[in-house]
Every structure is written in structure tokens, then in C-alpha cells.
Amino acid sequence: MRQFLPGVLAHAAGARVVVADNASTDDSVPLLRHGFPQVELLLFAENLGFCEGYNQALAQLDSPFFVLLNSDVAVQPGWLPPLRELLQHNPHIAAVQPKILAYSDPTLFEHAGGGGGYLDRLAYPFCRGRLFDTLETDQGQYDDPRPVAWASGACCLVRTSAWRELGGLEPAFFAHMEEIDFCWRAQNAGYEIWYHGGACVHHVGGGTLPKSSPRKTYLNFRNGLALLYKNAAPNELAEAFTLRLLLDWVAGLRFLLARNWPEAQAVGRAHWHFFQKLGYWRQQRQLAKPHLLVLQRAGTYAGSIVWAYFARGKKRFSELIKR
């Protein structure tokens, strides 16, 4: 916050700036109170997670639009007006994200959003400009505004009425893939999700959990199953879910063969805990009202990104989708 909050305040374009503190144990609160007295501060008594922290924070605020913004994002001059204008002019859009580049190397797209979020038919997420660990150089190839499957929770502008209609983020996710779930539910409810390359921010990434963390592996595998189970169309769920389980087991086996015991255990715990809460996820599926087929949803690749990337060597978005 010490590094990036001044830029947010300088380029807020008339917006209120609010920081929600999830029971931090460092010096964040004294820093905010003494160094940034103009910032509104919401304090929580416990760590509610990314999802419920946002849910409770935004329940206390009133505005037509909310920006969800991670504390490790450097905004650029003029980043907010294009996003706001898009939502003002199109009432069917629930959320929009800007172009997200890597803070460490702003010539590259960043993992968490890139040039707009996509899903394959098994609900594996990827982005324009980023397939798995392969990052593309930004050459303006993804500057076009367009509907996508999901907008990154690192930085996105959300329509308040849609947020409240859909109940915000899924609290049981705690963190990771929660914005994808929200955006999928929004599409099932008749809303659109957009990317706007005319706005840009730089994201550090890995602020919640480092890339190699077994906790992150656990959340990604558990939430990936829940994401697909909650939102896939009824006549596509059985096949997609079975294939997703098999690919997860393959990933777990690779961890075992590499003697990466913590990561392998994380995959096993993720599956165990998902099925332990299957009754809850079944209730959430009924609330989500899934009905859109793969080919009916914007930002969806009808094939398998795992197969395309690892078996066929497709490393760039343009090699998957020719538009």
C-alpha cells in the first residue's frame, strides 16, 4: 500500500478510495491512519478471506459501481474512465477489467487477467496473452474491447446492482477463482463480462499466496471442481466433470512422480474436501441456475486448453482462437 496507494489516490478520477483490512497483523492500519488519512478504512475482526472480505466491505458502501482492486496493483493515468464509461453506456455489462501487465516487466501480460479471461470446456481458466506459464509480449494485439468469460479480481469494475443480485462472491471459495465463478453466474443470469484494452494497470501478483504454495494448489483444485460443478449446463456437466477429475488425478500423479509430496497431498485434500461439501455445492448449483452451453457463453474455448498446450504445443492465444 505504501508503494501503490499514492497512485490510486492520484488517479482515482473522482472515485472514493476505501481500504478493507482483513485483520492484518502487520502495520497496515497505522500506516493508513497516519500516512493516508483521506482513505476510508473498514476494519474486520478476523480474516474473512478474499471473498467474504469483499462481500462485507461492499455491503457497507453505496455507489453505482465498485472497483475491486488488489493492493499490489499499480494503476496508470486514465485507467478508470474507459471502464466506467463502458458500464454507463451498456446496462447489460456486469463487470469489466482493464489490460493487466506484469509489474516486474510491463512489456509482458500478467497471469491474473492478461488481455481478458477465457475458459475451456472443462473450466480451466486462461487469458489472452497468457497460457499457463507462457506470457506474451504486449504489442497492442489485445487492445480491442470485447466480451470475455471472466474479469480479473485483481482489478475490475463491477455494476453494484448485478453484484447484489448475484450475492457477490462465493464465500466458500475463500480465495482463488472466485471472480470466475461470479462472472459465470452473471452470464447465466443474462449479463455480459467485458475486457477493455484502452485501460491498463500493472500487477505484481502472488500477494495472496506464492505460486509454489501447496495452499494455493489446494484452493485452485478444490475451487476448480466447485466452479465447474456449480455452473456447467446440465447436459454438459457429467462428461466435463468426469474429464476434469481425471486430469486432476493426472496432475496429482505428476506431483507424486516428482516426489513433490506437499503438492500431491494438496490435490488429494482438495478433492476430499470438495466431496465432503457436495451437499452445499449442490445447493449453490440450484441457486446459480446454470443453463448456458459452452458455445453460448462468451470467452469460452470449445476444446481443452490442457491438451492444446501440453500435447499440441499451442503456446499463444492466437494459435487457439483466430479472432
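Among the numbered conditions (1) out of contact with any Phe, Trp or Tyr (no Cβ under 7 Å at 6 or more places or on another chain); (2) crowded, with 22+ Cβ neighbours inside 10 Å; (3) of a type outside the set (D, E, K, R); (4) within 23 Å of Leu9 (Cβ to Cβ), the only one that Gln97 does not meet is (1).
What's the number of the only condition in (1) open to solvent by 10 Å² or more (accessible area, probe 1.4 Å); (2) outside any helix (DSSP H, G or I) that Val201 fails to meet? Going through (1) open to solvent by 10 Å² or more (accessible area, probe 1.4 Å); (2) outside any helix (DSSP H, G or I) one by one, Val201 breaks only (1).
In the set (1) open to solvent by 50 Å² or more (accessible area, probe 1.4 Å); (2) touching a residue at least 40 places away in the same chain (Cβ under 8 Å); (3) touching a Pro at 6+ places or on another chain (Cβ under 9 Å), Leu243 fails one condition alone, (3).
Is it the case, given these coordinates, that Arg285 is surrounded by 13 or more Cβ atoms within 10 Å (Cβ to Cβ), at pLDDT 95 or above and within 30 Å of Gly129 (Cβ to Cβ)?
The answer is no for Arg285.
Go through the range 173-197 and report how many residues are touching a Cys at 6+ places or on another chain (Cβ under 8 Å) and open to solvent by 20 Å² or more (accessible area, probe 1.4 Å).
Summing the residues that are touching a Cys at 6+ places or on another chain (Cβ under 8 Å) and open to solvent by 20 Å² or more (accessible area, probe 1.4 Å) in the range 173-197 gives 2.
Kindly establish whether Arg164 is in a helix (DSSP H, G or I), surrounded by fewer than 17 Cβ atoms within 10 Å (Cβ to Cβ) and at pLDDT 95 or above. Answer is yes for this residue.
For the range 1-55, the candidate set comprises residues that are of a type in the set (Asp, Glu) and under 24 Å from Arg164 (Cα atoms); within that set, the residue that is surrounded by the fewest Cβ atoms within 10 Å (Cβ to Cβ) is Glu46. Selection of the range 276-323 for residues being of a type in the set (Phe, Trp, Tyr) and within 18 Å of Gly224 (Cβ to Cβ) yields Tyr280, Trp281, Tyr301, Trp307, Tyr309, Phe310.
Listed here are the strands (runs of 3 or more DSSP E) enclosed by the range 45-126 that have at least 2 residues being more than 30 Å from Thr25 (Cβ to Cβ): 93-102, 117-120.
Taking each residue of the range 259-274 that is without any contact (Cβ under 8 Å) to a residue 40 or more places away in the chain and looking for partners that are assigned to a helix (DSSP H, G or I) and open to solvent by less than 40 Å² (accessible area, probe 1.4 Å) with beta-carbon atoms closer than 6 Å, six or more apart or interchain, yields Ala264/Gly252.
Residues checked against (1) touching a residue at least 40 places away in the same chain (Cβ under 8 Å); (2) among the basic types (Lys, Arg); (3) within 22 Å of Val201 (Cα to Cα):
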site	(1), (2), (3)
Thr25	no, no, no
Leu42	no, no, no
Leu61	yes, no, no
Val67	yes, no, yes
Asn90	yes, no, no
Ala95	yes, no, yes
Gly115	yes, no, yes
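Among the residues of the range 132-153, the one identified as in contact with a helix residue (DSSP H, G or I) (Cβ under 8 Å, 6 or more places away or on another chain) and exposed (fewer than 14 other Cβ atoms within 10 Å of the Cβ) is Phe132.
The values are calculated or read from the model by the stated rules, or taken from the named source; none is laboratory data. Not measured: the values here are computed from a predicted model. Note that we place each Cβ from the backbone using ideal geometry, even for glycine, and neighbour counts take in every protein chain shown. Side chains included, ligands, DNA and RNA excluded: accessible areas come from the protein's heavy atoms. Shrake-Rupley method; radii C 1.70, N 1.55, O 1.52, S 1.80 Å.
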